[in-house]
Amino acid sequence: MGKTKQVYEINDLKLNAEDLMLCETIFHNANGYIGVRSCFEEGYPDGCDSIRGTYINGFYDIAEMKQAERLCGLIEEKQTMLNVADTQTILLYLEDERFSMFEGTVISSRRWLDMEQGITGRYVHWRSPSGREIELTVKRMASLCQLSLFTIEYRVKALNFSGRVKLVSRHLGEVMNYSNANDPRTARESVRYLYPEKAVVKDGASYLVSRTSRSGLEQCTGVKNILSKPCGSEVRLNGHSAEEVMEVPVGPGEEIVLVKYSVFADSIRAKDCLESAVAEMDKALGVPLDVHYEHQRSYLENYWDNCMLEIDGDEELNIAVRYNMYQLLQSAGKDEYCNIAAKGLSGEGYEGHYFWDTEMYIEPFFNLTNPEITRSLISFRYRTLDKARENARLLGHKKGALYPWRTIAGSECSGYFPSGTAGYHINGDIASSIIFYYLATGDFELIAEMGAEIVFETARLWIDMGCYSDGRFMINEVTGPDEYTCLVNNNYYTNVSAQFNLKWASRLYHMLKASGRLGDIVDKIGITEEEIKEFERAADHMYLPYDEKLKINPQDDSFLQKKVWDLSGTPKDHFPLLLHYHPLTLYRHQVCKQADTVLAHFLFEDAQDMETIRNSYYYYEKITTHDSSLSTAIFSIMASKLGDVDRAYHYFGNSAKLDLFNTHKNTKDGIHTANMGGNYMAIVYGFAGLRIKEDGCHFAPLIPKQWEGYRFKIRYRDSSLLVEVGRTETRFTLVSGRPQRIFVYGREYELKYTPIAVPMR
């Protein structure tokens, strides 16, 4: 097989608002610290909707959370990600004619994302109303090597005229967040969060410092324009904005190039934002743009080598899968001050909040490809552990920590507690993710430094909130992953994840004790042998609902008592259900927004026998809407486990192209990062059947009939493994590192430097 294509492109751009905003998301630039939506530099005509956003991961303000009644513990304020200064605006004039794709004639146009080079591009061949023709080529980059840096390379080539070309580069500090009162996934009200603090020009660069209204944070953006042809321009300040007008003569065939450097700094990470931005600008200008491009290419060469995944027989699907993996890199926070928002850094959907998505859907990808990123994501949860302790006390728990359902800085930001705060399973998710990371990497240092403390404190929470009834440990009044069923007793997913959390708390305690590393944690949080025994008792007596008649795990104690929702009789335009039916109507039916018990059977498969898993899968499939983007990938994985490869492939396809084809009709608000992680898992954990357990890597590969083969690399412990699945056999190769024990279809192999070929079943 040849090298997989690494470019996604669209030709002959559509200029309606829906397609424009979709492209703003699809072609956004981000690096885990900053994100810039891909709007036209020149903007759109008045009245054309746009989300012209630039974001800093972890940077937020506090907004009022309006509650109808003041009840104890209800959240009254929230954190929200901010749109910071607009540095992407560039206006182009040919003599007195302003360039706009909505005027004159667009002869040809295209946009592209080059995932090998780490840039987005835009090309326009345009004729002005008076007949002047130009070629415009724009390249954008959010640097993966200097995280503060965003660049625009703006090339204008005159084709058939002589005259003056004017470029107006703007740096706009007066910005607002996007709002939509009709969509619960976006902010409902337009609120001003950022206020001018300082505007200065230094060495030909403009710097705008803004402060938040309530969170006490500051951020600074810096802009420097470099034109290929001298023009004698200067930067002018106008309030909290800056502008530079550059005018030069051109002749037919002549090209001028503007390189616009933007840098970002914030007070979460820097003592003096302005000082930090100036230093970052000096660093950016210290090397030519081509060198920045080369650093970007080199970084991505290593990234793609680590997470190599190719499919034989479907190039379109290859691109979609690659696109998803690229977006995960763009979205992932690279320091302890931030995490991964549900929409990454591509838009303002869900107000930039972090959910359980990170742990259950995205970290499994990084565990196998770039575990250092997972380590950074865990460090964020450790940094906010004290906030989780405070949150537990707010909800009446005397011991332990309860992580918020949605947050930026660590405090709960969910205003609707039945489907938000009540999602206690996030504790089990975070604890489990630490264990999954440890099993994949063997990084015991992380366990000793921060992982064990999180696992202990989340385990304490289960003991505090649970109770015994008839000798069984019960967990009441919680909400599982399925948000169409809220405030129930003994949600299966919650209980089995709590059981896993409690068992591993005991396991880690004894591992730390044996290694001589327990003392510091005991001194810090006072964990005792008696607590550990209580953890073990609760785990051993955990109640996991089971229905003898159907031989399934009911989603909760009351789920099977409800009437089944008539999905076939529901109008197609009434999906997603949450936008068309009152929550109480949904809560009174057997209907699932997403995988719940089915997800539990994937993550904690050893808790049940195969018959129960199979029966549960086909029962819940009939009543699941997949209104959540987190769902189809999980159903694909579990169909693979059951050997139902056609069904697995169906669900996989829905997951792979969700954003590129805008199947949920809301990609304009941002990408669906959890689904992107799930899509990777649907191949590696699904079709390839990977499970990482204490005794090694387990595989059970199968192949869809639509493919000729597929291959991927994973990092396991301190080794790199190549897995190549074909029609007749699967080949396992130790690429680097020490030999590893693997299991294929339950049989044990010692993988050394001679590849192992195992016949397909």
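The values are calculated or read from the model by the stated rules, or taken from the named source; none is laboratory data. Quick caveat, the model's predicted, so the values are computed rather than measured. No Cβ is skipped: glycine too gets one built from the backbone with ideal geometry, and neighbour counts run over all protein chains shown.
Kindly indicate whether SER631 is of a type in the set (Gly, Ala, Ser), farther than 19 Å from CYS486 by Cα and either in contact with a Gly (Cβ under 8 Å, 6 or more places away or on another chain) or modelled with pLDDT of 95 or more (or both).
For SER631, the condition - of a type in the set (Gly, Ala, Ser), farther than 19 Å from CYS486 by Cα and either in contact with a Gly (Cβ under 8 Å, 6 or more places away or on another chain) or modelled with pLDDT of 95 or more (or both) - is not met.
When you go through THR137, THR87 one by one, which is the residue that is under 30 Å from LEU149 (Cα atoms) and surrounded by 19 or more Cβ atoms within 10 Å (Cβ to Cβ)?
Values: THR137 fails: surrounded by 19 or more Cβ atoms within 10 Å (Cβ to Cβ).
After ruling out the rest, the residue left standing is THR87.
Checking the structure you have, find out if any residue of region 592-600 is touching a strand residue (DSSP E or B) at 6+ places or on another chain (Cβ under 9 Å), of a type in the set (Asp, Glu), in contact (Cβ under 8 Å) with a residue 12 or more places away in the chain and buried (at least 19 other Cβ atoms within 10 Å of the Cβ).
yes
For the condition without any contact (Cβ under 8 Å) to a residue 40 or more places away in the chain and surrounded by 21 or more Cβ atoms within 10 Å (Cβ to Cβ), what is the one hit in THR369, THR374, THR384?
THR384
Are there any pairs, at least 6 apart or on different chains, whose C-beta atoms fall under 7 Å, with the first in region 44-61 and over 17 Å from HIS171 (Cα atoms) and the second among the β-branched types (Val, Ile, Thr) and not in a strand (DSSP E or B), and if so, which?
Going by the 7 Å Cβ cut-off, the qualifying pairs are GLY58/ILE268; GLY58/ILE408; PHE59/ILE268; TYR60/ILE408.
Of the conditions (1) at pLDDT 95 or above; (2) farther than 25 Å from ASN177 by Cα, ARG70 fails just one. Which one is it?
The failed condition is (1).
Quick one: ALA63 ticks every box in (1) surrounded by fewer than 22 Cβ atoms within 10 Å (Cβ to Cβ); (2) among the hydrophobic types (A, V, I, L, M, F, W, C); (3) out of contact with any helix residue (DSSP H, G or I) (no Cβ under 9 Å at 6 or more places or on another chain) bar one, so which box is it?
The number of the failed condition is (3).
List pairs: first residue in region 628-649 and in a helix (DSSP H, G or I), second residue charged (D, E, K, R) anywhere in the structure, Cβ distance under 7 angstrom, at least six positions apart or on different chains.
Close Cβ pairs (under 7 Å, with a partner that is charged (D, E, K, R)) amount to PHE635/GLU621; ALA639/ARG647.
Looking for whichever is touching a residue at least 12 places away in the same chain (Cβ under 8 Å), over 30 Å from GLU24 (Cβ atoms) and of a type in the set (Phe, Trp, Tyr) here; the options are TYR403, TYR361. Which one fits?
Numbers: TYR361 fails: over 30 Å from GLU24 (Cβ atoms).
Only one candidate passes the filter, namely TYR403.
Mind listing whichever residues of region 500-533 are surrounded by fewer than 18 Cβ atoms within 10 Å (Cβ to Cβ), among the polar types (S, T, N, Q) and touching a residue at least 40 places away in the same chain (Cβ under 8 Å)?
Answer for region 500-533, where residues must be surrounded by fewer than 18 Cβ atoms within 10 Å (Cβ to Cβ), among the polar types (S, T, N, Q) and touching a residue at least 40 places away in the same chain (Cβ under 8 Å): just SER515.
Go through region 50-97 and count every residue that is assigned to a strand (DSSP E or B), more than 30 Å from TRP126 (Cβ to Cβ) and either over 26 Å from the mean Cα position of the chain (by Cα) or among the β-branched types (Val, Ile, Thr) (or both).
Residues that pass the stated criteria total 3.
SER206 passes all but one of (1) at pLDDT 95 or above; (2) exposed (fewer than 14 other Cβ atoms within 10 Å of the Cβ); (3) of a type outside the set (Phe, Trp, Tyr); which number fails?
Unmet for SER206, out of (1) at pLDDT 95 or above; (2) exposed (fewer than 14 other Cβ atoms within 10 Å of the Cβ); (3) of a type outside the set (Phe, Trp, Tyr): (2).
Rundown of residues vs (1) buried (at least 19 other Cβ atoms within 10 Å of the Cβ); (2) more than 25 Å from GLN79 (Cβ to Cβ); (3) of a type in the set (Ser, Thr, Tyr), yes/no style:
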site: GLY396; (1), (2), (3): no, no, no
site: ALA401; (1), (2), (3): yes, no, no
site: PRO404; (1), (2), (3): yes, no, no
site: ALA409; (1), (2), (3): yes, no, no
site: TYR438; (1), (2), (3): yes, yes, yes
site: MET450; (1), (2), (3): yes, no, no
site: PHE456; (1), (2), (3): yes, yes, no
site: ARG460; (1), (2), (3): yes, yes, no
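What's the number of the condition GLU530 fails, among (1) on the phi > 0 side of the Ramachandran plot; (2) over 34 Å from the mean Cα position of the chain (by Cα)?
(1) is the only condition that GLU530 fails.
May I ask you to list pairs of residues, at least six apart or on different chains, whose Cβ atoms are under 8 Å apart, with the first in region 324-335 being touching a residue at least 60 places away in the same chain (Cβ under 8 Å) and the second being of a type in the set (Phe, Trp, Tyr) and assigned to a loop (DSSP other than H, G, I, E, B)?
From residues that are touching a residue at least 60 places away in the same chain (Cβ under 8 Å), the pairs are GLY333/TYR33; LYS334/TYR33; ASP335/TYR33.
Please work out which residue is nearest to LEU20 (Cα to Cα), limiting yourself to region 665-685 and to residues that are at pLDDT below 95 and either in a helix (DSSP H, G or I) or of a type in the set (A, V, I, L, M) (or both).
The extreme case among them is LYS668.
Picking from PHE417, PHE380, which residue would you name as being out of contact with any strand residue (DSSP E or B) (no Cβ under 6 Å at 6 or more places or on another chain), of a type outside the set (Lys, Arg) and modelled with pLDDT of 95 or more?
PHE380
What number of residues within region 298-347 satisfy the criterion of being over 15 Å from THR374 (Cα atoms) and out of contact with any His (no Cβ under 6 Å at 6 or more places or on another chain)?
In the first step, residues of region 298-347 are kept if they are over 15 Å from THR374 (Cα atoms); the result is 298-302, 304-305, 308-324, 326-327, 342-347.
From the residues that got through so far, the ones that are out of contact with any His (no Cβ under 6 Å at 6 or more places or on another chain) too are 298-302, 304-305, 308-324, 326-327, 342-345, 347.
The qualifying residues number 31.
Name every residue in region 108-137 that is part of a strand (DSSP E or B), of a type in the set (S, T, N, Q) and within 32 Å of the chain's Cα centre (by Cα), in order of residue number. Show your work before the answer.
Going through region 108-137, the residues part of a strand (DSSP E or B) turn out to be 108-114, 119-127, 133-137.
Then keep just the ones that are of a type in the set (S, T, N, Q); that gives 108-109, 120, 137.
SER109, THR120, THR137 - these are the residues of region 108-137 that are part of a strand (DSSP E or B), of a type in the set (S, T, N, Q) and within 32 Å of the chain's Cα centre (by Cα).
Looking at region 107-130 only, could you name the residues that are free of Cβ contacts under 8 Å to residues at least 60 places away in the same chain and touching a Phe, Trp or Tyr at 6+ places or on another chain (Cβ under 6 Å)?
GLY121
Find the strands (runs of 3 or more DSSP E) located wholly in region 224-317 whose residues include 1 or more that are surrounded by fewer than 19 Cβ atoms within 10 Å (Cβ to Cβ) and in contact with a Phe, Trp or Tyr (Cβ under 9 Å, 6 or more places away or on another chain), and list them.
On the way: elements: 235-237, 241-250, 255-266, 309-312.
Hits in region 224-317: 241-250, 255-266, 309-312.
If I ask for residues that are assigned to a loop (DSSP other than H, G, I, E, B), under 25 Å from LYS622 (Cα atoms) and either out of contact with any Leu (no Cβ under 8 Å at 6 or more places or on another chain) or among the small types (Gly, Ala, Ser) (or both), which ones from region 510-553 would you list?
Within region 510-553, LEU544, PRO545, TYR546, GLU548, LYS549, LYS551 qualify.
SER720 is checked against (1) modelled with pLDDT of 95 or more; (2) of a type outside the set (D, E, K, R); (3) assigned to a loop (DSSP other than H, G, I, E, B) and fails just one. What number does that condition carry?
The number of the failed condition is (3).
The rows are residues; the columns are (1) more than 30 Å from the chain's Cα centre (by Cα); (2) assigned to a helix (DSSP H, G or I).
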{"residue": "GLN555", "(1), (2)": "no, no"}
{"residue": "ASP566", "(1), (2)": "yes, no"}
{"residue": "ALA595", "(1), (2)": "no, no"}
{"residue": "ALA600", "(1), (2)": "no, yes"}
{"residue": "ILE613", "(1), (2)": "no, yes"}
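When ARG192 is evaluated against the numbered criteria (1) at pLDDT 90 or above; (2) basic (Lys, Arg); (3) surrounded by fewer than 18 Cβ atoms within 10 Å (Cβ to Cβ), which criterion, by number, is the only one it fails?
(1)
May I ask you to say which residue of TYR403, TYR382 is in a helix (DSSP H, G or I) and of a type in the set (Phe, Trp, Tyr)?
Going through TYR403, TYR382 in turn, just one is in a helix (DSSP H, G or I) and of a type in the set (Phe, Trp, Tyr): TYR382.
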